[in-house]
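So the structure is just underneath, and the comments pick up after that.
The values are calculated or read from the model by the stated rules, or taken from the named source; none is laboratory data. Keep in mind the model is a prediction, meaning the values are calculated, not measured. So basically every Cβ, Gly included, is an ideal-geometry build from the backbone, and we count neighbours across all protein chains shown. Calculation scope for accessible area: heavy atoms of the full protein, side chains included, ligands and nucleic acids excluded. Shrake-Rupley method; radii C 1.70, N 1.55, O 1.52, S 1.80 Å.
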Amino acid sequence: MARASSSGRRVLRVVVILIAILVVYLGVAALWAYMVTPRVVMQASTPRLLALGSLPAPTVGILLRVEDPSFRTHHGIDPFAPGQGRVTISRALVHMLYLDRHDLTGIAGGLQSMYKLVDRIAGPVDLGPDAMALVVDARLGKNRQLQLFLQHVYMGRHGNRQIYGLPDAARAYFGKDPRQLSRRETVTLVAMMIGPNQFHPVRRPAALAERVRRIERLLQGGCKPRGLRDVHYRGCAAGAR
């Protein structure tokens, strides 16, 4: 009995230590994001950000309905959103700007390298980006987040170059200024965002067309995602119930 009690206390101590380590890790992640946000946003806003008002009227509504339905009300994360789950626009910005595309220097750069490594190793179970997303949402207005997202979202490889942002994608795939996009073209570009090389208009047109059909059904209210992780909207496939 004494041996079992001693073993239970050891397990409890290990659990407490692990929780403490996690709390410190998340606290430092949030503090780091808070400190570097002005520098990251300044770099990401150069030379200037896309004006939301210059886009066709349905663009933002379509984007939010597909990518982050609770964007206007959540505080950076929403683990219970049907379809997209934890992958909010705020969390996507963390990967785009804080971890992937803008290298920092000094102590901030050292911490950035650590968070990149942890994210590569831990993947979806890494809660660091979630802590950072809370800070991003607190420090940046919703419209600024949308501007940054639309300016920097990865849109696949076209020819011999990588495409980033809705404006570049509109020109590359449709030969248009983003202000001239039709509703169907806007849906097509939004449909690509979940995996722009998997749903590519040149290399994977059939896969992209099917995703567009599912999204159109979603937008028309004819279906809904099957649970939190139905990012491919299987609940909107032809014949789905």
Handout entry: The lone exception for Ser182 - which of (1) among the polar types (S, T, N, Q); (2) within 26 Å of Thr37 (Cα to Cα); (3) open to solvent by 40 Å² or more (accessible area, probe 1.4 Å) it fails
Key = (2)
Practice task
Report, by residue number, each residue of the stretch 197-207 that is open to solvent by 10 Å² or more (accessible area, probe 1.4 Å) and either within 20 Å of Ala92 (Cβ to Cβ) or not in a helix (DSSP H, G or I) (or both).
Solution key: Asn197, Gln198, Phe199, Pro201, Val202, Arg203, Arg204
Practice task
Hey, can you tell me all the residues within the stretch 34-90 that are polar (S, T, N, Q), open to solvent by 70 Å² or more (accessible area, probe 1.4 Å) and under 18 Å from the mean Cα position of the chain (by Cα)?
Solution key: Thr73
Handout entry: Residues of the stretch 208-229 satisfying the condition of being assigned to a loop (DSSP other than H, G, I, E, B) and either closer than 22 Å to Tyr173 by Cβ or hydrophobic (A, V, I, L, M, F, W, C) (or both)
Key = Cys223, Leu228
Fill in the blank from the handout: Residues of the stretch 139-165 being assigned to a strand (DSSP E or B), buried (at least 20 other Cβ atoms within 10 Å of the Cβ) and of a type in the set (Phe, Trp, Tyr), in sequence order, are Tyr154
Problem - Matching residues in the stretch 105-137 - criterion: being open to solvent by less than 40 Å² (accessible area, probe 1.4 Å), assigned to a helix (DSSP H, G or I) and not small (Gly, Ala, Ser) - result: Gln112, Tyr115, Asp119, Pro129, Asp130, Met132, Val135, Val136, Asp137
Exercise for the section: Could you tell me whether any residue of the stretch 166-189 is over 15 Å from the mean Cα position of the chain (by Cα), in a strand (DSSP E or B), at pLDDT 95 or above and among the polar types (S, T, N, Q)? Expected result: no
Problem - Any chance Ala191 is open to solvent by less than 40 Å² (accessible area, probe 1.4 Å), touching a His at 6+ places or on another chain (Cβ under 6 Å) and either without any contact (Cβ under 8 Å) to a residue 24 or more places away in the chain or under 16 Å from Leu64 (Cβ atoms) (or both) - result: no
Exercise for the section: Might you let me know whether the stretch 169-186 holds any residue that is in contact with a strand residue (DSSP E or B) (Cβ under 6 Å, 6 or more places away or on another chain) and either over 30 Å from Leu31 (Cβ atoms) or not small (Gly, Ala, Ser) (or both)? Expected result: yes
Exercise for the section: Those residues that are aliphatic (A, V, I, L, M) and modelled with pLDDT under 95, I need them from the stretch 190-218; list them, please. Expected result: Ile194, Val202, Leu218
Practice task
Identify, by number, the condition in (1) surrounded by 10 or more Cβ atoms within 10 Å (Cβ to Cβ); (2) part of a helix (DSSP H, G or I) that Ser5 doesn't meet.
Solution key: (1)
Practice task
Report yes if some residue within the stretch 124-140 is in contact with an Asp or Glu (Cβ under 8 Å, 6 or more places away or on another chain), of a type in the set (A, V, I, L, M, F, W, C) and within 19 Å of Arg86 (Cβ to Cβ); otherwise report no.
Solution key: no
Fill in the blank from the handout: When His102 is run through (1) in a helix (DSSP H, G or I); (2) open to solvent by less than 70 Å² (accessible area, probe 1.4 Å), the failure sits at (1)
Practice task
Specify which of the listed residues (Gly227, Gly235, Gly221) is at positive phi and in contact with a helix residue (DSSP H, G or I) (Cβ under 9 Å, 6 or more places away or on another chain).
Solution key: Gly227
